[in-house]
Amino acid sequence: MRAHPSLSVSLLLLCPALASAQTVQRQEGRAYAANGDTLLYRETHWLQGSQQAQSRLVLYRCADGRPFARKWMTPQGSPQTPDFALEDGRDGYQEGVRGNGAARTVYVRATSDATPVSRALEVPAGAVVDAGFDAAVRRHWADLLEGQPVAFQFLLPSRQRLVPLKLQRTGALTWKGQPAQQLQMKLDAWFGFAVPAVTLIYASADQRLLQFTGTGNVRDQNGRYPQVRVEFPSPPVAAGAAELATARGQALVKTCDS
């Protein structure tokens, strides 16, 4: 799910000398139209640190590989509730969460020339922010396999509010030759607006996310959030601090058109 003006960046990401002391891994993802094989964009993730205190840099790339958006995620208390900052180079859109402990600020800037809108929120224990859903899945893996639903509050930056979601296992399957578990996240109450359900597929062996199907967290050329299927067919591989530093400073393009 998607996860929205200063960028909150950890010292590990800012300082190559410190970054080199931490293991850095890179993982590639591809986002397709939810019901087809049209490649919409690519994702490159750099992961750093342990799962309990992990920083993440994501470059969203055009189909031809050029980066158009960037997201930082840095640990803040629980791995389920990281700070994050997303910036889209195509129109200057920004969204994010920053703060200390439960006291957080969520902000959105619609375009590069718009005034940011922010709101202070209390993020309760057990809540989920952005890709913190991955930590929630791992934390509750045993319960999910037993068929027990997991309820939590999820932050929607675009609406600057928390909404109740329910996460539940829907069955076992084989995904591209490997045993996997299918999960579903859906709104647990009616709020007067729709939040489409998200389907997640995780590897049974190591609880690695293999596929996400639902509302993407980067907008299309019309400013809408499309329904996407993001696949991560290969596990993360080792990467270096220099590679991470290059990705951190890489310029974002203003259009994916050739």
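Numbers below:
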| quantity | calculated |
| --- | --- |
| Index of the failed condition, residue 234 passing every other in (1) among the hydroxyl-bearing types (Ser, Thr, Tyr); (2) more than 24 Å from residue 27 (Cβ to Cβ); (3) modelled with pLDDT of 95 or more; (4) not in a strand (DSSP E or B) | (2) |
| Residue within segment 212-234 that is among the aromatic types (Phe, Trp, Tyr) and open to solvent by 20 Å² or more (accessible area, probe 1.4 Å) present | yes |
| Verdict on residue 196 being within 26 Å of residue 54 (Cα to Cα) and either open to solvent by less than 50 Å² (accessible area, probe 1.4 Å) or in a loop (DSSP other than H, G, I, E, B) (or both) | no |
| Subset of segment 131-163 [of a type in the set (Val, Ile, Thr) and open to solvent by less than 10 Å² (accessible area, probe 1.4 Å)] | 137, 163 |
| Unmet criterion (only one of (1) within 20 Å of the chain's Cα centre (by Cα); (2) open to solvent by less than 30 Å² (accessible area, probe 1.4 Å); (3) modelled with pLDDT of 90 or more; (4) not β-branched (Val, Ile, Thr)) for residue 166 | (2) |
| Residue tally, condition part of a strand (DSSP E or B), at pLDDT below 95 and open to solvent by 50 Å² or more (accessible area, probe 1.4 Å), over segment 169-189 | 1 |
| Neighbours by Cβ (under 9 Å, 6+ apart or cross-chain): first from segment 17-38, assigned to a loop (DSSP other than H, G, I, E, B); second of a type in the set (Phe, Trp, Tyr) and modelled with pLDDT of 95 or more | 38/32 |
| Total residues in segment 216-253, condition among the acidic types (Asp, Glu) and farther than 29 Å from residue 178 by Cα | 2 |
| Qualifying residue in segment 104-124 (condition: among the small types (Gly, Ala, Ser), buried (at least 20 other Cβ atoms within 10 Å of the Cβ) and modelled with pLDDT of 95 or more) | no |
| Pairs, first among the acidic types (Asp, Glu) in segment 183-204, second modelled with pLDDT of 90 or more, C-beta under 7 Å, six or more apart | 188/151; 188/164; 188/165; 188/166 |
| Residues located in segment 39-77, provided they are open to solvent by 30 Å² or more (accessible area, probe 1.4 Å), under 22 Å from residue 127 (Cα atoms) and assigned to a strand (DSSP E or B) | 56, 75, 76 |
| Residue selected from segment 91-109 under the condition assigned to a loop (DSSP other than H, G, I, E, B) and under 19 Å from the mean Cα position of the chain (by Cα), by the criterion farthest from residue 77 (Cα to Cα) | 92 |
| Residue ID - modelled with the lowest pLDDT, chosen from residues in segment 12-56 that are touching a helix residue (DSSP H, G or I) at 6+ places or on another chain (Cβ under 6 Å) and of a type in the set (A, V, I, L, M) | 12 |
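The values are calculated or read from the model by the stated rules, or taken from the named source; none is laboratory data. Note that the coordinates shown come from a computational prediction; the quantities given were computed from them, not determined experimentally. Quick reminder, even Gly has a Cβ in these numbers, built from the backbone with ideal geometry, and neighbours come from all protein chains shown. Just so you know, the surface numbers come from the protein's heavy atoms only, side chains and all, with ligands and any DNA or RNA stripped out. Shrake-Rupley method; radii C 1.70, N 1.55, O 1.52, S 1.80 Å.
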